[in-house]
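Peer 1: Let me give you the structure first, and then I'll get to my questions.
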Amino acid sequence: MVPLNAASILRENSRRLGLDALGIAPARAPAHAQSLHDWLSQSFQGEMAWMARDPETRADPKKYDPLARTIIVAGISSRQTTPPPQRGRIAAYAQGSDYHDLLREKMEALARETVVAWGGSHRVCVDTSPLLEKPLAALAGIGWQGKNTLLIHREHGPWLLLGFLLTDLEVTADPPVSDHCGSCTRCLEVCPTGAFPRPYVLDARRCLAYLTIENPGPIPEEFRPLIGDRLFGCDECLEVCPWNRHAKNAQEIKFSPRPRPDLREMLSWDEARFRSAFRGTPIFRLKRDRWLRNICVVLGNIGTTSDLTALEAACGDGSPLVREHAGWAAARIRARETEGKN
Ligand code: B12
Ligand code: SF4
Ligand code: SF4
């Protein structure tokens, strides 16, 4: 039986669990859901083939879970503003523990204390289910989908990571929030690779988060210099958002940045060493070869002659992916040395 004050119980429990935002949506297709088909028809998903699988289900949560009547959406801030002492940047969401496990645990706890106790069904989704999470979070009134395509929250800006709880119970929905981007275009202008063909639409193939994380193969040469010192993901179109003015750093202690060694040292790591260093973090999923690929690109952009020995050793690596990127990086450093820029 759903209590009359279900929404306030959900909000209170979510706060106690350390969640930063909560909204309630009816289980129906969100605004702009049909734009998914345009996005796919332009192949903006690149090699993320799973994005193109069964788009009808992704566009409509009722097709994913026919019993669902309500979608409870929660957000937790990932913001980190203290730069790490080591060379190379990692996107804020990936500097500490993996948010997928943490948010899933919190959503399961929220479900047990509320919808399960009220006799309802529950299904928890964090990132990996075929749902249009940002449009659904907007439908739940957490914020609006900004021109950088991210869900923007009035207090936490674009930094909320999103978790979902689908239930067959009927809970009164929150009203959606109107778009507060106004005439701002900062995120579109700052993007180093020009990944936004138009406001509210991202060509993932050009996004540095795609190129350094999802892309399984070599990084196309035209993008390598644009990566700069970004080892994993990119926060450029989040950092410039004016809706950061009230944003605080993540309160979740598990998101605090973990220490890591210098890039040169990591270039000599095997798979086992990589796994023991990154288990429980989002970087683990990348696997060793792609991590070393990214290190090579960063060294090619910011490295000095003191990195050449490590890069030359990596030119003999067992992985063709690492060998090719190490060769590219060493050549870039030597070229800078010749031009007197190191
Ligand atoms: C695939 C994916 C990516 C891809 C593609 C991103 C993208 N924008 O599509 C890549 C690898 C590039 C990526 C990058 C990042 N991602 Co990502 N990603 C996803 C994933 C799995 C699916 C997103 C998706 O459906 N894309 C398809 C497109 C078509 O959907 P869409 O972006 O919502 O597009 C809609 C709009 O374009 C809209 N539309 C069209 N015209 C108009 C006009 C107006 C006015 C409006 C309002 C809308 C609109 O229609 C489209 C369909 O509804 C989601 C999790 C999930 N299951 O939803 C996480 C998710 C979006 N990612 C997330 C994060 C944190 C990131 C990064 C910040 C990580 C980083 N720091 O490196 C970057 C941000 C880059 C960016 N600016 O988007 C979070 C975002 C949280 C938030 N506050 O929004 C999510 C929700 C994961 C989570 N559970 O927290 N990601
Ligand atoms: S994450 Fe970086 S590369 Fe991707 S769209 Fe935003 S600014 Fe561009
Ligand atoms: S930077 Fe400006 S345009 Fe981009 S999401 Fe933030 S408010 Fe909207």
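Peer 1: May I ask you to derive the relative contact order of the range 1-158, considering only C-alpha pairs under 8 Å and at least 6 residues apart, and to give it as an integer percent?
Peer 2: Details: 172 pairs, mean separation 48.2, N = 158.
This gives 31 percent for the range 1-158.
Peer 1: Using helices alone, I'd like the mean residue ellipticity at 222 nm for the chain: each DSSP H run of four-plus residues gives -39500 (n - 2.57), total over residue count, nearest 500.
Peer 2: My calculation for the chain gives -9500 deg cm²/dmol from helical runs alone.
Peer 1: On the first, second and third principal axes, largest extent first, how far apart are the outermost C-alpha atoms of the range 205-308 in Å?
Peer 2: 43, 33, 28
Peer 1: Same structure, new question: At a probe size of 1.4 Å, how large is the accessible area of HIS180, to the nearest 10 Å²?
Peer 2: Accessible surface of HIS180 is approximately 60 Å².
Peer 1: To continue, here is another question. When we measure straight from the Cα of LYS147, which lysines land under 20 angstrom away, once same-chain ones fewer than 8 places off are left out?
Peer 2: LYS134
Peer 1: In the chain, what % of DSSP beta bridges are antiparallel (nearest 5)?
Peer 2: Roughly 90 percent of the DSSP beta bridges within the chain come out antiparallel.
Peer 1: Quick one: divide the alpha-carbon radius of gyration of the range 6-167 by 2.2 N^0.38 Å and tell me what you get. Mind dumping the intermediate values first?
Peer 2: On the way: Rg = 16.2 Å, N = 162, 2.2 N^0.38 = 15.2 Å.
Working it through for the range 6-167, the quotient is 1.07.
Peer 1: Hey, what's the chain come to in accessible area per residue, 1.4 Å probe, Å²?
Peer 2: Result: 45 Å² per residue.
Peer 1: Here is a further query. Once the piece of chain linking ASP262 and ALA313 is laid out straight, how much longer is it, given 0.36 nm per residue of separation minus the C-alpha distance between them? If you can, show how the numbers build up before the last one.
Peer 2: Values: separation 51, 0.36 × 51 = 18.36 nm, distance 1.59 nm.
Taking ASP262 through ALA313 to full extension adds about 16.8 nm, to one decimal.
Peer 1: I would also like to ask the following. Tell me the Kirkwood radius of the range 223-264: reciprocal of the mean inverse pair distance over distinct alpha-carbon atoms, in Å. Display every interim value, and only then the final one.
Peer 2: Details: mean 1/r = 0.0749 Å⁻¹.
So the Kirkwood estimate lands at 13.4 Å.
Peer 1: Semi-axes of the equivalent ellipsoid of the range 94-238: what are they in whole Å, largest first, if each equals the square root of 5 times a C-alpha gyration tensor eigenvalue?
Peer 2: Three semi-axes, in Å: 32, 20, 12.
Peer 1: In whole percent, and with a 1.4 Å probe on the protein chains, what portion of the accessible area of the range 71-159 is carbon and sulfur? Walk me through the numbers on the way to the answer.
Peer 2: Details: 1450 of 2970 Å².
The C+S portion of the solvent-accessible surface of the range 71-159 is 49 percent.
Peer 1: Still on this structure, please answer the following. Taking 0.36 nm per residue of separation and subtracting the Cα-Cα distance, what length does fully extending ARG87 through ASN5 add?
Peer 2: The span from ARG87 to ASN5 would gain 24.5 nm if fully extended.
Peer 1: At a 4.7 angstrom Cβ threshold, list every cysteine in the chain that has nobody to pair with, or say none.
Peer 2: Within the chain, the cysteines lacking a partner Cβ under 4.7 Å are CYS125, CYS181, CYS184, CYS191, CYS207, CYS234, CYS241, CYS296, CYS315.
Peer 1: To the nearest Å, what is the center-to-center distance of the range 29-76 and the range 113-157, using C-alpha atoms only?
Peer 2: 13 Å
Peer 1: Let me ask you something else. What FRET efficiency, computed as 1/(1 + (r/R0)^6) with R0 = 56 Å and r the Cβ-Cβ distance, is obtained for GLU170 and THR338, rounded to the nearest 0.05?
Peer 2: 0.20
Peer 1: Hey, quick one: spin label on LEU40, modelled 7 Å out along Cα-Cβ, who in the range 132-164 has an amide N within reach, i.e. under 19 Å?
Peer 2: Those under the cut-off are 132-136.
Peer 1: Give me the compactness ratio for the range 161-254, meaning the Cα radius of gyration over 2.2 N^0.38 Å. Spell out each step's value before the answer.
Peer 2: Numbers: Rg = 17.2 Å, N = 94, 2.2 N^0.38 = 12.4 Å.
For the range 161-254, the normalised Cα radius of gyration comes out at 1.39.
Peer 1: So if I take the alpha carbon set of the chain, get Rg, then get Rh from the Kirkwood formula, what is the Rg over Rh ratio? If you can, show how the numbers build up before the last one.
Peer 2: Values: Rg = 21.4 Å, Rh = 21.4 Å.
That ratio equals 1.00.
Peer 1: Ok, one more. Which value, in debye to the nearest 20, gives the size of the charge dipole of the range 6-167 about its Cα centre, when Lys and Arg are +1 and Asp and Glu are -1 at the Cβ? Spell out each step's value before the answer.
Peer 2: On the way: 19 positive and 16 negative charges, 63 e Å.
Charge dipole, the range 6-167, about its Cα centre: 300 debye, nearest 20.
The values are calculated or read from the model by the stated rules, or taken from the named source; none is laboratory data. Computed from a predicted model, the values in this text were never measured in an experiment. Every residue, glycine among them, receives a Cβ derived from its backbone with ideal geometry; neighbour counts consider all protein chains shown. Each accessible area value is taken on the protein alone, full model and side chains, heavy atoms only, with ligands, DNA and RNA left out. Shrake-Rupley method; radii C 1.70, N 1.55, O 1.52, S 1.80 Å.
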